[in-house]
Amino acid sequence: MNDSLSHLGALLRDASRIGIACHVRPDGDAIGSIVGLGRSLQLMGKAVSILSEDGVPPNLTFLAGSNLVQVSQAVPLELDVAVALDTAAKDRLGERTLTAFQNAPVLINVDHHGTNPRYGHFNHIDSASPAAGQLVYELLQVSQFPMDAMVRENLFAAISTDTGSFQYSSTNPRTHRIVAEMMEAGLDTAALATHLYQTHPLRRVLLQKALLNEMKFTCGQRVASWALSQALQEEIQIQPGDTEGLIDIMRSIEGVVAAVIFEELPDGRIRVSARSKDSRVNVSRVCGEFGGGGHVMAAGARLPGPVAEAESRFLEVLKNEIERTD
């Protein structure tokens, strides 16, 4: 059973020292959610530590309040309440963050991944929500917590990025109403969209060039995939966040029902990101075969290398999932 957002709000209202963190390798939903909630609590006079194991990726440093995010240190913090946002499994907070949170008597877990095992003392998991940022907005609203321009900017970034700029099927009427409410309060969505979707460093364009040159098609051209080598990452000096949105280029191809990026990590493992555009093709189930998970139409996993072997294993399971719908 879910703990109500109003109950979670009461726990936060009664706390003085609060830690907030998100998953490793944070994306827009993760950063926007922790800064949005953290800023609101700061406006209430709370002592708030906003943590990220990997800091803020360069593509999101334009966000007001991104400087409030601290890189997690392996030092236990004195906290009344710890909050995990947008983090499907506890270990995804990262080792240093877990150490920082270890003395907190209360852990609140707010997430929208259906695979979340409810690892908190109090949990609100809503897989129907398109973004953790939408859940944070609802938490602030129901609890009557303050929102200023910084809170709204970060929650818009969270919601917009995790809905594919409101294109994904998870986007619901409430999503649009939330954005409308924030616009009525003065939010400039056009300026934010320019930063989020129309401003890219050259290295990201070089990544896109490599993707277009190297992507492969399998399963009767219904699957598009690309292997991002460690050599290429080193050559163009890739930064966190540079690959955001690249997978959607492949998914947008006519006839393609699933897209996959196989990213070679420095330790030799392969980070798999999978996306579907047919709700019958459950990439979370496919990723689950390899210890990963996520959403039905957006999921990930990590496989042992080498990359060619990881590709072969994963694409075979994905092929079986697609053929199940035939």
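The values are calculated or read from the model by the stated rules, or taken from the named source; none is laboratory data. Because the structure is predicted, anything quoted here is derived from the model rather than measured. Note: ideal-geometry Cβ built from the backbone for every residue, glycine included; neighbour counts use all protein chains shown.
Per-residue answers, yes or no, for (1) in a loop (DSSP other than H, G, I, E, B); (2) in the same structural domain as ASP278 (by TED's automatic domain parsing); (3) among the small types (Gly, Ala, Ser):
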{"site": "VAL110", "(1), (2), (3)": "no, no, no"}
{"site": "GLY114", "(1), (2), (3)": "yes, no, yes"}
{"site": "LEU135", "(1), (2), (3)": "no, no, no"}
{"site": "LEU155", "(1), (2), (3)": "no, no, no"}
{"site": "THR161", "(1), (2), (3)": "no, no, no"}
{"site": "PHE166", "(1), (2), (3)": "yes, no, no"}
{"site": "SER169", "(1), (2), (3)": "yes, no, yes"}
{"site": "ARG174", "(1), (2), (3)": "no, no, no"}
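Residue under question is PRO117, and the condition is that it be over 18 Å from the mean Cα position of the chain (by Cα) and surrounded by fewer than 19 Cβ atoms within 10 Å (Cβ to Cβ); does it hold?
Working: over 18 Å from the mean Cα position of the chain (by Cα): no; surrounded by fewer than 19 Cβ atoms within 10 Å (Cβ to Cβ): yes.
It is false that PRO117 is over 18 Å from the mean Cα position of the chain (by Cα) and surrounded by fewer than 19 Cβ atoms within 10 Å (Cβ to Cβ).
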Item to check | Single residue of ILE253, ILE236, ILE249 found to be touching a helix residue (DSSP H, G or I) at 6+ places or on another chain (Cβ under 6 Å) and either of a type in the set (S, T, N, Q) or farther than 17 Å from GLY28 by Cα (or both) | outcome: ILE236
Item to check | Which listed residue is more than 27 Å from ALA158 (Cβ to Cβ), of a type outside the set (Lys, Arg) and surrounded by fewer than 18 Cβ atoms within 10 Å (Cβ to Cβ), from GLN239, GLN230, GLN208, GLN198 | outcome: GLN230
Next on the checklist: Of everything in segment 12-63, what is assigned to a helix (DSSP H, G or I), crowded, with 18+ Cβ neighbours inside 10 Å and either polar (S, T, N, Q) or over 15 Å from the mean Cα position of the chain (by Cα) (or both)? Give them in sequence order.
Outcome noted: LEU12, SER33, LEU37, GLY38, ARG39, SER40, LEU41, GLN42, ASN59
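Which residues, counting only those in segment 233-254, are out of contact with any strand residue (DSSP E or B) (no Cβ under 9 Å at 6 or more places or on another chain) and farther than 18 Å from SER160 by Cβ?
Let us first name the residues in segment 233-254 that are out of contact with any strand residue (DSSP E or B) (no Cβ under 9 Å at 6 or more places or on another chain), namely 234-237, 239-242, 244-245, 254.
Of everything in segment 233-254, those that are out of contact with any strand residue (DSSP E or B) (no Cβ under 9 Å at 6 or more places or on another chain) and farther than 18 Å from SER160 by Cβ turn out to be GLU234, GLU235, ILE236, GLN237, GLN239, PRO240, ASP242, GLU254.
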Checklist entry - Restricted to segment 134-183, and to residues that are among the aromatic types (Phe, Trp, Tyr) and at pLDDT 95 or above, which residue is farthest from ALA298 (Cα to Cα)? => result PHE145
